[in-house]
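The values are calculated or read from the model by the stated rules, or taken from the named source; none is laboratory data. Not measured: the values here are computed from a predicted model. Cβ placement follows ideal geometry from the backbone for every residue including glycine, while neighbour counts extend to all protein chains displayed. For the accessible areas, the whole protein counts, side chains as well, though only heavy atoms, and no ligand, DNA or RNA atoms are used. Shrake-Rupley method; radii C 1.70, N 1.55, O 1.52, S 1.80 Å.
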Amino acid sequence: ESNRFLSKKYRTESNALFYNSFFLSLGISFFILLWWILSGGYPLKYFLNKNMIIFVILSIPFMLIQESNKGILWGLERIDKHNWVNIFRPVFFLILSVIFLIILHKSVEFAMIGWLIALAMAAVISMRYVISELKHFKIIVSKDTFLKSLRTGWRTFLISALAIVSLRADIYIVKLFLDNESVGYYSIVILILSLTNLIPMIGGLLIFNKAVMQKNKSIS
């Protein structure tokens, strides 16, 4: 959200936003890895096994990179590419889930591997889209831009964190009654259903994008 606002307001700083976000994602991932080594996964170890925690840690940089790049694309008014990143991720995950779970009859951990691969592919695509939009692309790390991001981003981060906790409270409730494996299957099913529910929204966004590009025929 911070990148969307800043790339729209300060278009010339998009290079700095891209690299600031990239290195910040790697830095956050490093500290989370350090936390896992020192704490042994507390408190996630009460909800997930060791392999699952590793998958979560590995997914974080890919998630952060693509979300920050989506913000830049939105700010540069390339909503079409922003939406394509949204489309690619669930499509990749759905295909890999079908292969691992239905065709190969693998465990939930393989579904997590599929999710990790889907995140990595979407992150690479988002980076390619952003780089193609930057006319004078070069490596820039800006302290001033970083401070602007912090001032803008901490509020949206707090709101988003509270929203995620409220939306996924069912996981903690289910955990009170079922074991870890059952909670894992429940989570995968709910995730696939949630992604399926995104299809109408994505279709609507694509239609909206097409409409706003046709000034005289947008209403039709």
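Suppose the filter is under 19 Å from residue 129 (Cβ atoms), open to solvent by less than 70 Å² (accessible area, probe 1.4 Å), part of a helix (DSSP H, G or I) and modelled with pLDDT of 85 or more; does residue 98 pass it?
Numbers: under 19 Å from residue 129 (Cβ atoms): no; open to solvent by less than 70 Å² (accessible area, probe 1.4 Å): yes; part of a helix (DSSP H, G or I): yes; modelled with pLDDT of 85 or more: yes.
Answer is no for this residue.
Kindly evaluate residue 174 against the criterion of being among the aliphatic types (A, V, I, L, M), farther than 25 Å from residue 91 by Cα and either surrounded by 11 or more Cβ atoms within 10 Å (Cβ to Cβ) or in contact with a Phe, Trp or Tyr (Cβ under 8 Å, 6 or more places away or on another chain) (or both).
Here the answer is yes, as residue 174 does meet what is asked.
Scan the stretch 28-62 residue by residue and report those that are aliphatic (A, V, I, L, M), closer than 25 Å to residue 126 by Cβ and either open to solvent by 70 Å² or more (accessible area, probe 1.4 Å) or not in a helix (DSSP H, G or I) (or both).
Hits for the stretch 28-62 are 33, 58.
I'm told residue 17 meets every condition in (1) open to solvent by 60 Å² or more (accessible area, probe 1.4 Å); (2) modelled with pLDDT under 85 except one. Can you identify the failing condition by its number?
Here residue 17 meets the rest and fails (1).
Taking residue 128 and the conditions (1) at pLDDT 85 or above; (2) closer than 20 Å to residue 64 by Cβ; (3) in contact with a Phe, Trp or Tyr (Cβ under 8 Å, 6 or more places away or on another chain); (4) of a type outside the set (Gly, Ala, Ser), which numbered condition does it fall short on, given that it satisfies the others?
(3)
In the stretch 121-143, what count of residues is obtained for those that are in contact (Cβ under 8 Å) with a residue 60 or more places away in the chain and either within 18 Å of residue 63 (Cα to Cα) or assigned to a helix (DSSP H, G or I) (or both)?
Of the residues in that region, 8 qualify.
Go through the residues of the stretch 141-151 one by one and say whether even a single one is surrounded by 11 or more Cβ atoms within 10 Å (Cβ to Cβ), over 23 Å from residue 81 (Cα atoms) and of a type in the set (S, T, N, Q).
Within the stretch 141-151, one or more residues are surrounded by 11 or more Cβ atoms within 10 Å (Cβ to Cβ), over 23 Å from residue 81 (Cα atoms) and of a type in the set (S, T, N, Q).
In this structure, is residue 191 under 17 Å from the mean Cα position of the chain (by Cα) and either open to solvent by less than 60 Å² (accessible area, probe 1.4 Å) or modelled with pLDDT of 85 or more (or both)?
Against the criterion (under 17 Å from the mean Cα position of the chain (by Cα) and either open to solvent by less than 60 Å² (accessible area, probe 1.4 Å) or modelled with pLDDT of 85 or more (or both)), residue 191 qualifies.
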